[in-house]
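Undergrad: Input: one structure, supplied below.
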Amino acid sequence: MAEVNLESVVKRFGDVEVVRGIDLKIANEEFVALVGPSGCGKSTTLRMIAGLEEVTDGVISIGGRDVTDVAPKDRDIAMVFQSYALYPHMTVKENMSFGLRQQRTPRDVIEQRVSEAARILNIEELLSRKPKQLSGGQRQRVAMGRAIVRQPKVFLFDEPLSNLDAQLRVQMRTEIKRLRQKVRTTTVYVTHDQVEALTLADRIVVMNKGRIEQIGTPHDLYHAPATQFVAGFIGSPSMNFLPFEMKAEGDGLVMQLGQGLVLPVPAERRARYAGLAGRGDLLLGLRPEHFSAAREPLPPGEAAFDTVISIVEPVGLESFVYFRMADTEICARLPPDSGAQEGRPMRLAADLNQMHVIDTRTGLVVS
(Lines give C-alpha, C1' and ligand atoms only; values in the text may rest on other atoms or scores of the structure.)
Protein backbone atom coordinates (compact mmCIF):
# COMPACT_ATOMS: atom_id res chain seq x y z
CA MET A 1 0.00 0.00 0.00
CA ALA A 2 1.25 3.50 -0.81
CA GLU A 3 -1.16 5.93 0.80
CA VAL A 4 0.27 9.38 1.58
CA ASN A 5 -0.81 11.17 4.76
CA LEU A 6 -0.02 14.71 5.88
CA GLU A 7 -0.94 15.56 9.46
CA SER A 8 -0.86 19.20 10.63
CA VAL A 9 2.06 19.93 8.29
CA VAL A 10 3.64 23.37 8.64
CA LYS A 11 6.46 24.99 6.70
CA ARG A 12 8.13 28.25 7.69
CA PHE A 13 10.90 30.17 5.99
CA GLY A 14 12.14 32.35 8.81
CA ASP A 15 9.12 34.20 10.14
CA VAL A 16 7.04 33.51 7.02
CA GLU A 17 4.62 30.59 7.27
CA VAL A 18 4.01 29.33 3.72
CA VAL A 19 2.17 26.10 4.62
CA ARG A 20 -0.20 26.48 7.55
CA GLY A 21 -1.07 23.23 9.23
CA ILE A 22 -2.58 21.21 6.40
CA ASP A 23 -4.13 17.75 6.74
CA LEU A 24 -4.40 15.55 3.67
CA LYS A 25 -5.02 11.83 3.10
CA ILE A 26 -4.23 10.38 -0.32
CA ALA A 27 -5.41 6.81 -0.89
CA ASN A 28 -3.38 4.05 -2.48
CA GLU A 29 -3.32 4.42 -6.30
CA GLU A 30 -5.18 7.73 -6.13
CA PHE A 31 -4.27 10.63 -8.43
CA VAL A 32 -4.48 13.91 -6.49
CA ALA A 33 -3.76 17.34 -7.97
CA LEU A 34 -2.68 20.33 -5.89
CA VAL A 35 -3.80 23.60 -7.48
CA GLY A 36 -3.81 27.24 -6.52
CA PRO A 37 -2.28 30.60 -7.43
CA SER A 38 1.45 31.30 -7.27
CA GLY A 39 2.67 31.41 -3.68
CA CYS A 40 -0.20 29.30 -2.28
CA GLY A 41 2.17 26.58 -0.98
CA LYS A 42 1.40 23.76 -3.42
CA SER A 43 4.97 23.23 -4.68
CA THR A 44 6.37 23.55 -1.17
CA THR A 45 3.94 20.86 -0.03
CA LEU A 46 5.07 18.57 -2.85
CA ARG A 47 8.73 19.18 -2.01
CA MET A 48 8.06 18.28 1.62
CA ILE A 49 6.48 15.00 0.52
CA ALA A 50 9.59 14.39 -1.60
CA GLY A 51 11.93 15.28 1.25
CA LEU A 52 13.44 18.21 -0.64
CA GLU A 53 12.16 20.64 1.99
CA GLU A 54 12.28 20.10 5.74
CA VAL A 55 8.98 19.95 7.60
CA THR A 56 8.81 22.67 10.25
CA ASP A 57 6.05 20.87 12.13
CA GLY A 58 3.72 17.94 11.56
CA VAL A 59 4.09 14.43 10.17
CA ILE A 60 4.29 12.99 6.64
CA SER A 61 3.85 9.26 6.11
CA ILE A 62 4.02 7.08 2.99
CA GLY A 63 2.57 3.59 3.08
CA GLY A 64 2.04 3.88 6.83
CA ARG A 65 5.71 4.71 7.44
CA ASP A 66 6.72 8.04 9.00
CA VAL A 67 9.09 9.66 6.47
CA THR A 68 9.15 13.15 7.96
CA ASP A 69 12.90 12.97 8.60
CA VAL A 70 13.79 10.33 6.00
CA ALA A 71 16.16 11.27 3.14
CA PRO A 72 14.56 11.65 -0.31
CA LYS A 73 16.40 8.63 -1.74
CA ASP A 74 14.94 6.39 0.98
CA ARG A 75 11.28 7.43 0.55
CA ASP A 76 10.59 5.23 -2.49
CA ILE A 77 9.25 8.12 -4.55
CA ALA A 78 10.01 9.35 -8.07
CA MET A 79 9.69 12.98 -9.10
CA VAL A 80 9.12 14.56 -12.51
CA PHE A 81 10.24 18.18 -12.60
CA GLN A 82 9.15 21.16 -14.66
CA SER A 83 12.63 21.46 -16.22
CA TYR A 84 12.98 17.78 -17.30
CA ALA A 85 16.44 17.63 -15.57
CA LEU A 86 17.97 15.30 -18.17
CA TYR A 87 21.73 14.75 -18.44
CA PRO A 88 22.70 16.27 -21.81
CA HIS A 89 25.70 13.95 -22.37
CA MET A 90 23.66 10.77 -21.85
CA THR A 91 21.35 9.01 -24.27
CA VAL A 92 17.67 8.59 -23.53
CA LYS A 93 18.32 5.02 -22.41
CA GLU A 94 21.14 6.12 -20.12
CA ASN A 95 19.03 8.91 -18.65
CA MET A 96 16.15 6.53 -17.97
CA SER A 97 18.37 3.90 -16.38
CA PHE A 98 20.60 6.25 -14.39
CA GLY A 99 18.78 5.87 -11.08
CA LEU A 100 18.65 2.10 -11.38
CA ARG A 101 22.37 1.93 -12.15
CA GLN A 102 23.09 4.05 -9.07
CA GLN A 103 21.14 1.49 -7.03
CA ARG A 104 23.21 -1.33 -8.62
CA THR A 105 20.12 -2.93 -10.09
CA PRO A 106 20.96 -6.04 -12.17
CA ARG A 107 21.50 -5.27 -15.86
CA ASP A 108 18.77 -7.59 -17.08
CA VAL A 109 16.26 -5.91 -14.78
CA ILE A 110 17.32 -2.48 -16.06
CA GLU A 111 16.92 -3.61 -19.67
CA GLN A 112 13.48 -5.04 -18.99
CA ARG A 113 12.22 -1.94 -17.14
CA VAL A 114 13.60 0.56 -19.66
CA SER A 115 12.12 -1.40 -22.57
CA GLU A 116 8.73 -1.62 -20.87
CA ALA A 117 8.67 2.10 -19.98
CA ALA A 118 9.75 3.06 -23.50
CA ARG A 119 6.95 0.93 -24.94
CA ILE A 120 4.35 2.48 -22.63
CA LEU A 121 5.49 6.01 -23.54
CA ASN A 122 6.01 5.25 -27.23
CA ILE A 123 9.66 6.40 -27.22
CA GLU A 124 11.32 3.12 -28.22
CA GLU A 125 12.88 4.69 -31.33
CA LEU A 126 14.41 7.51 -29.21
CA LEU A 127 16.50 5.39 -26.83
CA SER A 128 19.79 6.06 -28.61
CA ARG A 129 19.27 9.82 -28.97
CA LYS A 130 20.50 12.57 -26.66
CA PRO A 131 18.24 15.25 -25.14
CA LYS A 132 19.29 17.98 -27.59
CA GLN A 133 17.86 15.83 -30.40
CA LEU A 134 14.41 15.69 -28.78
CA SER A 135 11.40 17.98 -28.78
CA GLY A 136 9.98 19.34 -25.53
CA GLY A 137 7.25 16.72 -25.45
CA GLN A 138 9.74 13.93 -26.08
CA ARG A 139 11.99 15.19 -23.29
CA GLN A 140 9.06 15.18 -20.91
CA ARG A 141 8.25 11.60 -21.88
CA VAL A 142 11.84 10.64 -21.10
CA ALA A 143 11.59 12.34 -17.70
CA MET A 144 8.40 10.38 -17.04
CA GLY A 145 10.10 7.18 -18.20
CA ARG A 146 12.95 7.75 -15.78
CA ALA A 147 10.37 7.90 -12.99
CA ILE A 148 8.45 4.83 -14.21
CA VAL A 149 11.47 2.50 -14.34
CA ARG A 150 12.08 3.01 -10.65
CA GLN A 151 8.65 1.49 -9.88
CA PRO A 152 8.21 3.77 -6.86
CA LYS A 153 5.40 3.79 -4.36
CA VAL A 154 4.53 7.39 -5.26
CA PHE A 155 4.90 9.58 -8.35
CA LEU A 156 5.37 13.31 -7.74
CA PHE A 157 4.83 15.75 -10.63
CA ASP A 158 5.88 19.40 -10.23
CA GLU A 159 4.17 21.41 -13.00
CA PRO A 160 5.55 19.04 -15.65
CA LEU A 161 3.80 20.62 -18.63
CA SER A 162 4.31 24.32 -17.93
CA ASN A 163 7.30 24.61 -20.30
CA LEU A 164 5.36 23.22 -23.27
CA ASP A 165 3.33 25.18 -25.82
CA ALA A 166 -0.47 24.95 -25.77
CA GLN A 167 -0.76 22.17 -28.36
CA LEU A 168 1.90 20.03 -26.68
CA ARG A 169 0.26 20.52 -23.27
CA VAL A 170 -2.98 19.08 -24.62
CA GLN A 171 -1.09 16.16 -26.17
CA MET A 172 0.88 15.46 -22.99
CA ARG A 173 -2.27 15.59 -20.86
CA THR A 174 -3.58 12.77 -23.00
CA GLU A 175 -0.28 10.91 -22.62
CA ILE A 176 -0.40 11.22 -18.83
CA LYS A 177 -4.02 10.05 -18.84
CA ARG A 178 -3.02 7.04 -20.96
CA LEU A 179 -0.05 6.36 -18.67
CA ARG A 180 -2.38 6.49 -15.70
CA GLN A 181 -4.50 3.72 -17.22
CA LYS A 182 -1.44 1.48 -17.55
CA VAL A 183 0.52 2.35 -14.37
CA ARG A 184 -1.73 2.61 -11.30
CA THR A 185 0.66 4.31 -8.89
CA THR A 186 -0.26 6.81 -6.18
CA THR A 187 0.32 10.24 -7.76
CA VAL A 188 0.58 13.79 -6.43
CA TYR A 189 0.47 16.34 -9.23
CA VAL A 190 1.13 20.07 -8.76
CA THR A 191 -0.12 22.48 -11.41
CA HIS A 192 -1.30 26.07 -11.77
CA ASP A 193 -3.40 24.95 -14.76
CA GLN A 194 -6.86 24.02 -13.53
CA VAL A 195 -7.66 22.30 -16.85
CA GLU A 196 -4.86 19.80 -16.17
CA ALA A 197 -6.26 19.19 -12.69
CA LEU A 198 -9.86 18.80 -13.87
CA THR A 199 -8.97 16.38 -16.66
CA LEU A 200 -6.39 14.24 -14.84
CA ALA A 201 -7.15 14.03 -11.13
CA ASP A 202 -9.40 11.75 -9.09
CA ARG A 203 -9.50 14.49 -6.47
CA ILE A 204 -8.30 18.09 -6.44
CA VAL A 205 -6.86 19.99 -3.49
CA VAL A 206 -7.39 23.75 -3.88
CA MET A 207 -4.84 25.72 -1.85
CA ASN A 208 -4.83 29.41 -0.97
CA LYS A 209 -2.31 31.30 1.19
CA GLY A 210 -0.83 28.11 2.61
CA ARG A 211 -4.15 26.53 3.56
CA ILE A 212 -6.47 24.01 1.94
CA GLU A 213 -9.67 25.71 0.77
CA GLN A 214 -11.45 22.58 -0.42
CA ILE A 215 -10.81 18.97 -1.39
CA GLY A 216 -13.11 17.19 -3.80
CA THR A 217 -13.66 15.51 -7.13
CA PRO A 218 -13.49 17.72 -10.23
CA HIS A 219 -17.30 17.53 -10.44
CA ASP A 220 -17.75 18.59 -6.81
CA LEU A 221 -15.39 21.54 -7.03
CA TYR A 222 -16.96 22.82 -10.24
CA HIS A 223 -20.61 22.36 -9.32
CA ALA A 224 -20.51 22.66 -5.52
CA PRO A 225 -17.66 25.00 -4.50
CA ALA A 226 -17.44 25.63 -0.76
CA THR A 227 -15.96 29.14 -0.89
CA GLN A 228 -15.87 32.18 -3.15
CA PHE A 229 -12.18 31.51 -3.79
CA VAL A 230 -12.83 27.99 -5.09
CA ALA A 231 -15.85 29.16 -7.09
CA GLY A 232 -13.74 31.82 -8.79
CA PHE A 233 -10.60 29.73 -9.24
CA ILE A 234 -12.13 26.60 -10.76
CA GLY A 235 -13.57 27.15 -14.22
CA SER A 236 -12.42 29.14 -17.25
CA PRO A 237 -13.69 31.75 -17.84
CA SER A 238 -14.22 32.08 -14.11
CA MET A 239 -17.54 32.42 -12.31
CA ASN A 240 -19.25 35.82 -12.43
CA PHE A 241 -20.00 37.51 -9.08
CA LEU A 242 -22.68 40.18 -8.66
CA PRO A 243 -23.41 42.01 -5.37
CA PHE A 244 -27.07 42.01 -4.37
CA GLU A 245 -29.56 42.40 -1.53
CA MET A 246 -31.93 39.55 -0.67
CA LYS A 247 -35.50 40.71 -0.14
CA ALA A 248 -38.71 38.98 0.86
CA GLU A 249 -41.56 39.56 -1.59
CA GLY A 250 -44.87 37.94 -0.75
CA ASP A 251 -44.24 34.24 -0.30
CA GLY A 252 -41.02 34.39 -2.27
CA LEU A 253 -37.54 35.93 -2.36
CA VAL A 254 -35.99 38.29 -4.87
CA MET A 255 -32.48 39.57 -5.46
CA GLN A 256 -32.09 43.33 -5.86
CA LEU A 257 -28.98 43.85 -8.00
CA GLY A 258 -29.12 47.62 -8.42
CA GLN A 259 -30.27 49.85 -11.29
CA GLY A 260 -33.76 48.43 -10.77
CA LEU A 261 -32.72 44.91 -11.79
CA VAL A 262 -34.62 42.36 -9.69
CA LEU A 263 -34.26 38.60 -10.15
CA PRO A 264 -36.58 36.07 -8.48
CA VAL A 265 -35.12 33.22 -6.44
CA PRO A 266 -36.39 29.90 -7.88
CA ALA A 267 -39.10 28.30 -5.74
CA GLU A 268 -37.03 25.23 -4.90
CA ARG A 269 -34.27 27.46 -3.49
CA ARG A 270 -36.40 29.65 -1.23
CA ALA A 271 -36.05 27.45 1.84
CA ARG A 272 -32.26 27.37 1.43
CA TYR A 273 -31.97 31.16 1.34
CA ALA A 274 -34.89 32.19 3.56
CA GLY A 275 -32.59 33.21 6.41
CA LEU A 276 -30.78 35.70 4.18
CA ALA A 277 -33.76 38.04 3.71
CA GLY A 278 -32.72 41.61 4.45
CA ARG A 279 -29.02 40.89 3.89
CA GLY A 280 -27.17 43.19 1.50
CA ASP A 281 -23.67 41.73 1.87
CA LEU A 282 -24.20 38.86 -0.57
CA LEU A 283 -22.86 37.85 -3.96
CA LEU A 284 -24.69 36.02 -6.72
CA GLY A 285 -22.41 33.55 -8.50
CA LEU A 286 -23.22 32.38 -12.05
CA ARG A 287 -20.91 30.61 -14.46
CA PRO A 288 -20.64 31.92 -18.05
CA GLU A 289 -22.50 28.91 -19.46
CA HIS A 290 -25.52 29.72 -17.30
CA PHE A 291 -26.45 32.69 -19.51
CA SER A 292 -28.27 32.31 -22.80
CA ALA A 293 -30.30 34.25 -25.34
CA ALA A 294 -33.75 34.68 -23.79
CA ARG A 295 -36.51 32.42 -25.09
CA GLU A 296 -40.27 32.70 -24.83
CA PRO A 297 -41.69 31.25 -22.75
CA LEU A 298 -38.84 31.23 -20.25
CA PRO A 299 -38.06 27.82 -18.74
CA PRO A 300 -38.72 27.53 -14.97
CA GLY A 301 -35.97 29.14 -12.91
CA GLU A 302 -34.66 31.40 -15.69
CA ALA A 303 -34.90 35.20 -15.51
CA ALA A 304 -34.64 37.54 -18.50
CA PHE A 305 -32.99 40.98 -18.63
CA ASP A 306 -31.92 43.51 -21.25
CA THR A 307 -28.34 44.62 -21.80
CA VAL A 308 -25.95 45.94 -24.44
CA ILE A 309 -23.16 43.69 -25.70
CA SER A 310 -19.72 45.29 -25.33
CA ILE A 311 -17.31 42.61 -26.61
CA VAL A 312 -17.71 39.34 -28.54
CA GLU A 313 -14.76 36.92 -28.63
CA PRO A 314 -15.35 34.07 -31.10
CA VAL A 315 -13.40 30.95 -30.08
CA GLY A 316 -14.70 28.40 -32.56
CA LEU A 317 -17.61 26.34 -31.25
CA GLU A 318 -18.64 29.13 -28.87
CA SER A 319 -18.21 32.83 -28.19
CA PHE A 320 -17.30 34.63 -25.00
CA VAL A 321 -19.71 37.55 -24.79
CA TYR A 322 -19.12 40.46 -22.39
CA PHE A 323 -21.78 42.89 -21.15
CA ARG A 324 -22.71 44.84 -18.05
CA MET A 325 -25.33 43.67 -15.60
CA ALA A 326 -26.15 46.01 -12.69
CA ASP A 327 -22.79 47.82 -13.04
CA THR A 328 -20.83 44.54 -13.09
CA GLU A 329 -19.04 43.22 -16.18
CA ILE A 330 -20.24 39.72 -16.99
CA CYS A 331 -18.86 37.04 -19.28
CA ALA A 332 -21.30 34.64 -20.95
CA ARG A 333 -20.50 31.55 -23.00
CA LEU A 334 -22.90 31.61 -25.96
CA PRO A 335 -23.22 29.72 -29.27
CA PRO A 336 -21.66 31.59 -32.21
CA ASP A 337 -25.11 31.93 -33.80
CA SER A 338 -26.69 33.51 -30.68
CA GLY A 339 -27.02 36.87 -32.42
CA ALA A 340 -24.71 38.73 -30.01
CA GLN A 341 -23.15 41.78 -31.71
CA GLU A 342 -20.83 44.36 -30.23
CA GLY A 343 -22.62 47.61 -29.39
CA ARG A 344 -26.08 46.12 -29.95
CA PRO A 345 -28.82 45.52 -27.37
CA MET A 346 -29.72 41.94 -26.53
CA ARG A 347 -32.20 40.19 -24.27
CA LEU A 348 -30.47 37.49 -22.24
CA ALA A 349 -31.57 35.00 -19.59
CA ALA A 350 -29.81 33.84 -16.44
CA ASP A 351 -30.39 30.25 -15.31
CA LEU A 352 -30.93 30.78 -11.60
CA ASN A 353 -31.35 27.04 -11.05
CA GLN A 354 -27.54 27.00 -11.19
CA MET A 355 -26.96 30.04 -8.93
CA HIS A 356 -24.60 30.18 -5.98
CA VAL A 357 -24.96 32.64 -3.10
CA ILE A 358 -21.80 33.75 -1.29
CA ASP A 359 -21.75 35.35 2.15
CA THR A 360 -19.10 38.07 1.83
CA ARG A 361 -18.58 38.16 5.60
CA THR A 362 -17.27 34.61 5.65
CA GLY A 363 -16.37 33.96 2.00
CA LEU A 364 -18.45 30.78 2.16
CA VAL A 365 -21.02 29.57 -0.34
CA VAL A 366 -24.43 29.29 1.33
CA SER A 367 -25.64 25.70 1.10
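Undergrad: Would you check if there is a residue in region 322-340 being among the basic types (Lys, Arg), closer than 22 Å to ASP359 by Cα and in contact (Cβ under 8 Å) with a residue 24 or more places away in the chain? Before you say what the answer is, go through the steps one by one.
TA: Restricting attention to region 322-340, the residues satisfying the condition of being among the basic types (Lys, Arg) are 324, 333.
Filter once more, so that each one left must be closer than 22 Å to ASP359 by Cα: none.
No - not one qualifying residue is present in region 322-340.
Undergrad: Could you count how many residues in region 304-319 are surrounded by 17 or more Cβ atoms within 10 Å (Cβ to Cβ), closer than 22 Å to GLY232 by Cα and in contact (Cβ under 8 Å) with a residue 24 or more places away in the chain?
TA: Count: 1.
Undergrad: What are the residue pairs meeting all of these: first residue in region 55-78, first residue of a type in the set (Ser, Thr, Tyr), second residue in a loop (DSSP other than H, G, I, E, B), Cβ atoms under 7 Å, and 6 or more apart or on different chains?
TA: Note: pairs meeting the criteria are SER61/VAL67; THR68/VAL55.
Undergrad: May I ask you to list the residues in region 124-179 that are under 24 Å from the mean Cα position of the chain (by Cα), part of a loop (DSSP other than H, G, I, E, B), closer than 17 Å to ALA85 by Cα and not hydroxyl-bearing (Ser, Thr, Tyr)?
TA: Matches in region 124-179: GLU159, PRO160, LEU161, ASN163, LEU164.
Undergrad: Answer with yes or no whether LEU100 is in contact with a Ser or Thr (Cβ under 8 Å, 6 or more places away or on another chain) and either surrounded by 17 or more Cβ atoms within 10 Å (Cβ to Cβ) or assigned to a helix (DSSP H, G or I) (or both).
TA: Against the criterion (in contact with a Ser or Thr (Cβ under 8 Å, 6 or more places away or on another chain) and either surrounded by 17 or more Cβ atoms within 10 Å (Cβ to Cβ) or assigned to a helix (DSSP H, G or I) (or both)), LEU100 does not qualify.
Undergrad: Determine whether region 150-158 contains at least one residue that is within 21 Å of VAL4 (Cα to Cα), surrounded by fewer than 20 Cβ atoms within 10 Å (Cβ to Cβ) and out of contact with any strand residue (DSSP E or B) (no Cβ under 8 Å at 6 or more places or on another chain).
TA: yes
Undergrad: Within region 83-97, identify whether any single residue is more than 24 Å from TYR189 (Cβ to Cβ), assigned to a helix (DSSP H, G or I), in contact (Cβ under 8 Å) with a residue 12 or more places away in the chain and not β-branched (Val, Ile, Thr), and answer yes or no.
TA: Yes - at least one qualifying residue is present in region 83-97.
Undergrad: Out of all the residues in region 205-234, which are within 23 Å of GLU17 (Cβ to Cβ), assigned to a strand (DSSP E or B) and not basic (Lys, Arg)?
TA: VAL205, VAL206, MET207, ASN208, ILE212, GLU213, GLN214, ILE215, THR227
Undergrad: Restricting the first residue to region 191-213 and requiring it to be surrounded by fewer than 18 Cβ atoms within 10 Å (Cβ to Cβ), which pairs with a second residue that is among the basic types (Lys, Arg) meet a Cβ separation below 6 Å and a spacing of at least six or different chains?
TA: Qualifying pairs under 6 Å: THR199/ARG173; ARG211/ARG20.
Undergrad: Just to be sure I understand, how many residues within region 159-190 are out of contact with any helix residue (DSSP H, G or I) (no Cβ under 8 Å at 6 or more places or on another chain) and surrounded by 17 or more Cβ atoms within 10 Å (Cβ to Cβ)?
TA: 2
Undergrad: Residues LEU276, LEU253, LEU284: which one is crowded, with 18+ Cβ neighbours inside 10 Å, under 28 Å from GLY343 (Cβ atoms), outside the structural domain of ASP202 (by TED's automatic domain parsing) and not acidic (Asp, Glu)? Even if it seems obvious, please write down each step before you answer.
TA: Working: LEU276 fails: under 28 Å from GLY343 (Cβ atoms); LEU253 fails: under 28 Å from GLY343 (Cβ atoms).
None of the others qualify; the one that does is LEU284.
Undergrad: Identify the residue in region 25-47 that is among the aliphatic types (A, V, I, L, M) and closer than 24 Å to GLN82 by Cβ and, among all such residues, is surrounded by the fewest Cβ atoms within 10 Å (Cβ to Cβ).
TA: Within region 25-47, the match that is surrounded by the fewest Cβ atoms within 10 Å (Cβ to Cβ) is LEU46.
Rundown of residues vs (1) of a type in the set (Ser, Thr, Tyr); (2) part of a loop (DSSP other than H, G, I, E, B); (3) surrounded by fewer than 21 Cβ atoms within 10 Å (Cβ to Cβ); (4) modelled with pLDDT under 95, yes/no style:
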| position | (1), (2), (3), (4) |
| --- | --- |
| VAL18 | no, no, yes, no |
| ILE49 | no, no, no, no |
| ILE60 | no, no, no, no |
| ALA78 | no, no, no, yes |
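Undergrad: Okay, next question. Being within 12 Å of the chain's Cα centre (by Cα), among the hydrophobic types (A, V, I, L, M, F, W, C), part of a loop (DSSP other than H, G, I, E, B) and under 20 Å from GLY363 (Cα atoms), is that true of even one residue in region 239-253?
TA: no
Undergrad: Tell me, please, whether a residue that is in the same structural domain as ILE176 (by TED's automatic domain parsing), of a type in the set (D, E, K, R) and touching a residue at least 40 places away in the same chain (Cβ under 8 Å) can be found in region 116-134.
TA: Yes, region 116-134 contains at least one residue that is in the same structural domain as ILE176 (by TED's automatic domain parsing), of a type in the set (D, E, K, R) and touching a residue at least 40 places away in the same chain (Cβ under 8 Å).
The values are calculated or read from the model by the stated rules, or taken from the named source; none is laboratory data. In this text the structure is predicted, and so the values were computed from the model without any measurement. Here Cβ is always computed from backbone atoms with ideal geometry, including for glycine, and neighbour counts include all displayed protein chains.
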